[in-house]
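This report concerns only the one structure given below.
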Ligand code: 4AD
Ligand code: MG
């Protein structure tokens with residue numbers, strides 16, 4: 001039976017079988033050292049007899065006794081039997097520096113490199129922690145459709161798909177509107193899946209296909225919405241710190257800033273944020289969205305995430321509820337992650353009044369017919385409600401401290417890349 005490398009400490013002194021790949025090889029004549037990875041971890045296998053040179057990525061089955069390194073907290077295999085499953089051809093990814101294009105062209109192989117391995121492990125912890133937190137907090141997972149009849153987040157980033165006799169469909173930009181429908185059946189809901197944006201922006205924060213978690217809560221207003229977000233993000237970061245010490249080390253991620261991520265997060269209104277950014281040398285405007293640069297400036301100025309609340313209504317989505325104190329503004333917040341990372345969550349209280357919502361559709365030039373079902377939600381037991389959505393790659397990039405979100409997703413899709 002196969003033993004996983006991560007479980008070797010439990011089998012010290014026993015004879016076990018490992019199945020994996022050779023990621024490094026060194027021989028001093030009489031003795032050979034293989035570095036083996038099996039998906040769960042990495043270890044050294046010692047072969048006490050001369051063997052022919054092995055190519056990187058050769059797949060192997062090894063049987064031997066587990067021993068502890070005399071000085072380090074490391075376990076190795078004293079090999080008694082070595083079986084080669086396939087001798088790999090010369091592997092294109094080597095120890096030398098490769099450019100990002102070469103690595104992205106070889107993404108199907110690059111995924112095996114230790115850093116890329118570590119990133120996917122952290123991403124896995126983030127999504128698993130999200131499911132765990134949602135389950136503990138009475139949220140029901142609802143799967144939103146991907147083929148949709150209308151825009152959710154503005155019409156400029158829609159992907160169109162021909163759709164039989166009905167003409168056109170659009171790939172979902174966010175499941176939010178459908179999750180809003182579901183809260184009237186389940187109270188608190190979330191979805192988690194791929195979404196699509198025909199983003200013209202070629203920045204380190206944008207993909208055309210990415211994973212979003214949309215959460216939605218009945219009877220929850222703006223302030224409580226932010227509290228829920230803080231708790232979720234805190235929980236996720238704690239889980240990564242608990243489960244992924246080894247991965248964070250491979251990524252050379254300084255964990256001190258992550259340890260500080262506990263509620264309450266900072267809160268600034270958009271007006272206050274603009275003032276702060278301008279003081280710090282940026283060019284943000286009171287009546288405009290924050291740009292990528294502005295977010296970076298703000299993000300670097302705080303040691304914990306910052307909520308920027310109450311953006312100008314005219315630059316935000318049609319469904320956001322106006323701030324009763326100042327009707328040019330909406331009851332929304334973007335959560336800006338620290339260390340230069342920028343927005344990881346977008347959320348808001350939703351407009352629950354049908355008359356107001358009809359006005360908004362008109363202002364945004366959205367066709368009423370496509371939203372009749374959504375308007376129905378305001379006719380049958382409408383309640384104040386709020387929600388938010390996080391981008392999984394943005395969250396992963398921040399927690400792993402990656403330069404670009406493209407490394408946070410297994411197979412990135414960007415304007416100029418759809419292969420492999
Ligand atoms: O801020 P956004 O556009 O909000 C929504 O879509 C809402 N419907 C969510 C909701 O309230 N349920 O997107 C949410 C998050 C952003 O904060 C960001 O983390 C991520 O999705 N995101 C992207 N990630 C990668 N590439 C892109 N092009 C992204 N656009 C948004
Ligand atoms: Mg946003």
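Quick note: the coordinates plus some simple rules give every number you see, no bench work behind them. Values in this document were obtained by computation on a predicted structure and should not be read as measured data. No Cβ is skipped: glycine too gets one built from the backbone with ideal geometry, and neighbour counts run over all protein chains shown.
Restricting attention to segment 331-358, the residues being under 23 Å from residue 231 (Cβ atoms) and touching a helix residue (DSSP H, G or I) at 6+ places or on another chain (Cβ under 9 Å) number 18.
Residue 283 meets the conditions (1) crowded, with 18+ Cβ neighbours inside 10 Å; (2) under 23 Å from residue 332 (Cβ atoms) in every case but one. The failed one is (1).
Please indicate, with yes or no, whether at least one residue in segment 366-386 is closer than 21 Å to residue 130 by Cβ, within 16 Å of ligand 2 (Cβ to nearest atom) and not in a loop (DSSP other than H, G, I, E, B). Taking every residue of segment 366-386 in turn, at least one turns out to be closer than 21 Å to residue 130 by Cβ, within 16 Å of ligand 2 (Cβ to nearest atom) and not in a loop (DSSP other than H, G, I, E, B).
Just so you know, in segment 141-170 the residues that are within 16 Å of ligand 1 (Cβ to nearest atom) and assigned to a strand (DSSP E or B) include one that is farthest from residue 216 (Cα to Cα), and it is 170.
The residues in segment 171-200 that are touching a helix residue (DSSP H, G or I) at 6+ places or on another chain (Cβ under 9 Å) and in a strand (DSSP E or B) can be counted, and the count is 6.
For beta carbons closer than 9 Å, sequence separation of 6+ or different chains, a first residue in segment 4-15 that is without any contact (Cβ under 8 Å) to a residue 40 or more places away in the chain and a second that is surrounded by 11 or more Cβ atoms within 10 Å (Cβ to Cβ) and part of a helix (DSSP H, G or I), the qualifying pairs are 6/246. Here the condition is being under 27 Å from residue 240 (Cα atoms) and either surrounded by fewer than 16 Cβ atoms within 10 Å (Cβ to Cβ) or touching a strand residue (DSSP E or B) at 6+ places or on another chain (Cβ under 7 Å) (or both); of 140, 156, 87, it holds for 140 alone. Only residues that are more than 18 Å from residue 233 (Cα to Cα), part of a loop (DSSP other than H, G, I, E, B) and touching a strand residue (DSSP E or B) at 6+ places or on another chain (Cβ under 8 Å) were counted in segment 290-311, giving 3. Looking across segment 197-218, the residues that are more than 9 Å from ligand 1 (Cβ to nearest atom) and farther than 27 Å from residue 378 by Cα come down to 198, 200, 202, 204.
Taken over segment 215-265, residues that are part of a helix (DSSP H, G or I), in contact with a strand residue (DSSP E or B) (Cβ under 8 Å, 6 or more places away or on another chain) and farther than 20 Å from residue 391 by Cβ amount to 2.
Looking across segment 344-359, the residues that are surrounded by 19 or more Cβ atoms within 10 Å (Cβ to Cβ) and either within 16 Å of ligand 2 (Cβ to nearest atom) or in a helix (DSSP H, G or I) (or both) come down to 344, 345, 346, 347, 348, 349, 350, 357.
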